[in-house]
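Everything on this sheet refers to the single structure shown next.
The values are calculated or read from the model by the stated rules, or taken from the named source; none is laboratory data. Quantities reported herein were computed from a predicted structural model and do not represent experimental measurements. Glycine also receives a Cβ, built like all others from the backbone with ideal geometry; neighbour counts cover every protein chain displayed. For the accessible areas, the whole protein counts, side chains as well, though only heavy atoms, and no ligand, DNA or RNA atoms are used. Shrake-Rupley method; radii C 1.70, N 1.55, O 1.52, S 1.80 Å.
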Amino acid sequence: ILVQENRTFDNLFATFPGADGTTVGKTHDGTYRLKKESLVSTISPNNGYRPYWLRDCNADKNGLCRMNGFDTVPIGRTPGIYVYRYVDPLQVAPYWNLAREYVLSDHTFPTQGSGSFTAHQDLIRGGTLVAPNRSLIDFPTRSPWGCDAPYGSVTTVIDSSNRYMGSQGPFPCLSYATLRDLLDAHGISWRYYTPSLASFGGSHWNAFDAIKAVRRSPEWSTNVVNPETDIFTDIDRDTLPAVAWVIPDFQNSDHPGNGSDTGPSWVAQVVNAIGQSQAWNTTAILVVWDDWGGWYDHVAPPGPRRYGGLGFRVPLIAVAPYAKIGYVSHHQYQFGSIIRFVEENWHLGTLGTTDAHSADFTNDFFDFTQSPRSFTPIASKYSKSDLLLRRPSGLPVDTE
């Protein structure tokens, strides 16, 4: 599971053939044609719950998103109209080439209309319920976001009726079960590849830092692997775990405002390494973006809305020897579908979060009647050696 950052479907795939994209966006008083731009954005749009629900969504009296308020969210002194952008396909050619060769999902939604703290939790659990009728949303009051947070740090919660309770949640060191519990119980190996633990990003900002059973156990040293580039070492040694999450360095994350265009190359090089290894015939790679990042998207999240979700669309690419060829899936999925895929593949049972009701994409994305396809490397602007020679940024993957 390769987790990239803060992009909507329209932002990366607005003009992809056969996909539900657009280059014309709705504003609060009309329409605005999306402008083609570089992946290297100069700003990072607002993407917390309040901009999502109160502005971008602009719900009608029935609670359905009109999707025409994106221009009303200011970005410092920059007018909100700036978020009506789509990335030049040439800048994200590896993503487009993966989509042409494998599977692109154009109706995948994050669990919540929130930022990266809860999104990364949802990608290891499928939900953030911390008390009866209370779910985490947005991010803790102080960083780092997890068990290493300073004393007195608290979280924000939201209830099933979407009542927002700022700074009324628990300290961000959580006891709820994640896929880790199911995997451990069944003896299934897993690793979470993250930037160096000597940096802010690795030691303080990763999903399992907020999971007490991992952060305060030997698994913090054995299953949380750093730096994230160790994924290449494990591929070369044929020691990949059964399940892996791969968190990029900030500069490789696609995060707006990071001043870098290396994200597509990072993903391509991880995929290429697996594709040219012994693991290829038995591996599925899911490339997903954790939240919408404040960018415009034209498809309203399906309802009913509970606990602040679902959020706005993000791309999901499935790469595997059994993946359908050049297939664009229009079926509705969410982050719980990823959790469900892992659970069902290894017969783990269920966490009972959104995995319990999220759609299963197994038979939609994959064709197990075909012979495993041989792998063709994905071209990219930067080589693996280029990426490995770059000095780590030492910055958190996200701060919002």
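Data overview
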read-out: Carbon/sulfur fraction of accessible area - the chain, other protein chains in place, 1.4 Å, %; value: 50
read-out: Probe 1.4 Å, accessible area per residue of the stretch 263-318, Å²; value: 24
read-out: Prolate/oblate/rounded call for the chain, Cα gyration tensor, a/c under 1.5 rounded; value: rounded
read-out: Segments 215-222, 312-319 sorted - mean Cβ within 10 Å per residue, highest first; value: 312-319, 215-222
read-out: CD proxy at 222 nm, helix term only [per DSSP H run n ≥ 4: -39500 (n - 2.57); per residue of the chain; nearest 500]; value: -5000 deg cm²/dmol
read-out: Residue-count net charge about Ala320 - beta-carbon cut-off 13 Å; Lys, Arg +1, Asp, Glu -1; value: -1
read-out: Cα gyration tensor shape for the stretch 166-283, rounded if a/c is under 1.5, else prolate or oblate; value: oblate
read-out: Global geometry of the stretch 1-83, whether rounded, prolate or oblate, following the gyration tensor of its Cα atoms and the 1.5 cut on a/c; value: rounded
read-out: For the chain, share of DSSP beta bridges that run antiparallel, in % to the nearest 5; value: 55
read-out: Normalised contact order of the chain, rounded percent, pairs of Cα under 8 Å and 6 or more residues apart; value: 28
read-out: Among Lys61, Lys324, Lys26: highest mean-square fluctuation, GNM of the chain, C-alpha pairs under 10 Å; value: Lys61
